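Peer 1: I'd like to ask some things about the structure below.
The values are calculated or read from the model by the stated rules, or taken from the named source; none is laboratory data. Remember, predicted model here, so these are calculated numbers, not experimental data. FYI the Cβ positions are ideal-geometry reconstructions off the backbone, even for glycines, and counts take in every protein chain you see.
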Amino acid sequence: MTRTQLQNVRRHFHDYAKSYLANAGDMRHMMELKHEHCVFVARNCRELAVSNGWKSKDINTAEALGFLHDIGRFSQLEEYGTFMDAQSINHGERGWQAITEGDLLDELEPQLRSAILDGVRHHNARTIPEGLPKDHLRWVKLIRDADRLDIYRIVLDAIENDKLEEHPEIGLGLSLEGDPCAVVMESILAREAPAYTDLESFSDFVLLILSWVNLMGYPSTLKMMRERGIIDRFSQHLPMELPRVGRLISELRKTVDTA
């Protein structure tokens, strides 16, 4: 993707988001949060692509994918009043639909356009679908890593600045009280992805997103986690005195520190 094409994507994204913000009403804060999130994910994508030694045209594509990955969120919130896919629609699919129904990426080579669309469509899947073309897989892995890095930023900001009671949707509306449940901890210690349906408290949610450490697609992502102190910052808000929590965090930290 050329620099001009990236600028076109960036301009389209901001115009698209602003069109929803103009009529957001009580949902304006969440719309703004999602707008900001896409900007940060785009930055993460560029930083990861640079760290991976990718060519300039691929770095531009990476940044564009970051802007576009959550474009389905805006109509989701307007239509359903929630960011919870289980209560509305799959926002990855909605984003894929929004792009395919427009002409935003029509000037790109069909193969590259298809790869970006796969990144948008599968960035939020619990697991990466089998059978994706090999040259698409690197984009899907990149956007999933970049998205997760910024989710850490959002959740940490909410914890460290006491925003969770005002904006409980950041923590999926889960109770802020209660220790992590055994099912979630056992899944993570077995290097399996916990199910969202198993979450009983906000602590469970924190451990679930930390378990993404085991799923990151690129070592450079783990390096960024280490540089940002993500494991240590989250551990300050977990019951580390519980042996299984301490063991779990130690295992995750080891994975990050040895990347």
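Peer 1: Is there a residue being modelled with pLDDT of 95 or more, closer than 21 Å to residue 174 by Cβ and buried (at least 18 other Cβ atoms within 10 Å of the Cβ) anywhere in region 225-232?
Peer 2: yes
Peer 1: Additional query: For residue 53, state whether it is at positive phi and at pLDDT below 95.
Peer 2: Answer is no for this residue.
Peer 1: Could you list all residues from region 229-259 that are among the charged types (D, E, K, R) and in contact with a Leu (Cβ under 8 Å, 6 or more places away or on another chain)?
Peer 2: Answer for region 229-259, where residues must be among the charged types (D, E, K, R) and in contact with a Leu (Cβ under 8 Å, 6 or more places away or on another chain): 233, 244, 247, 251.
Peer 1: Just for region 93-127: of the residues that are in contact with a His (Cβ under 6 Å, 6 or more places away or on another chain) and in a loop (DSSP other than H, G, I, E, B), which one is modelled with the lowest pLDDT?
Peer 2: Per the stated criteria, the residue is 104.
Peer 1: So which of 81, 53, 72 ends up being over 20 Å from residue 137 (Cα atoms), surrounded by fewer than 18 Cβ atoms within 10 Å (Cβ to Cβ) and small (Gly, Ala, Ser)? Before you say what the answer is, go through the steps one by one.
Peer 2: Numbers: 53 fails: over 20 Å from residue 137 (Cα atoms); 72 fails: surrounded by fewer than 18 Cβ atoms within 10 Å (Cβ to Cβ).
Being over 20 Å from residue 137 (Cα atoms), surrounded by fewer than 18 Cβ atoms within 10 Å (Cβ to Cβ) and small (Gly, Ala, Ser) holds for just one of 81, 53, 72, which is 81.
Peer 1: Name the residues in region 110-132 that are among the charged types (D, E, K, R) and touching a residue at least 40 places away in the same chain (Cβ under 8 Å), would you?
Peer 2: Listed by number, the list holds a single entry, 126.
Peer 1: Within region 157-170, is even one residue modelled with pLDDT of 90 or more, within 19 Å of the chain's Cα centre (by Cα) and loosely packed, with under 14 Cβ neighbours inside 10 Å?
Peer 2: yes
Peer 1: Just to be sure before I move on: is residue 180 surrounded by 18 or more Cβ atoms within 10 Å (Cβ to Cβ), in contact with an Asp or Glu (Cβ under 9 Å, 6 or more places away or on another chain), modelled with pLDDT under 90 and not assigned by TED's automatic domain parsing to the domain that holds residue 41 in the structure I sent?
Peer 2: no
Peer 1: Of everything in region 183-215 that's closer than 17 Å to residue 124 by Cβ and aromatic (Phe, Trp, Tyr), which residue is surrounded by the most Cβ atoms within 10 Å (Cβ to Cβ)?
Peer 2: 205
Peer 1: Being under 20 Å from residue 88 (Cα atoms), charged (D, E, K, R) and in a loop (DSSP other than H, G, I, E, B) is the filter here; which residues of region 22-76 pass it?
Peer 2: Passing the criteria: only 70.
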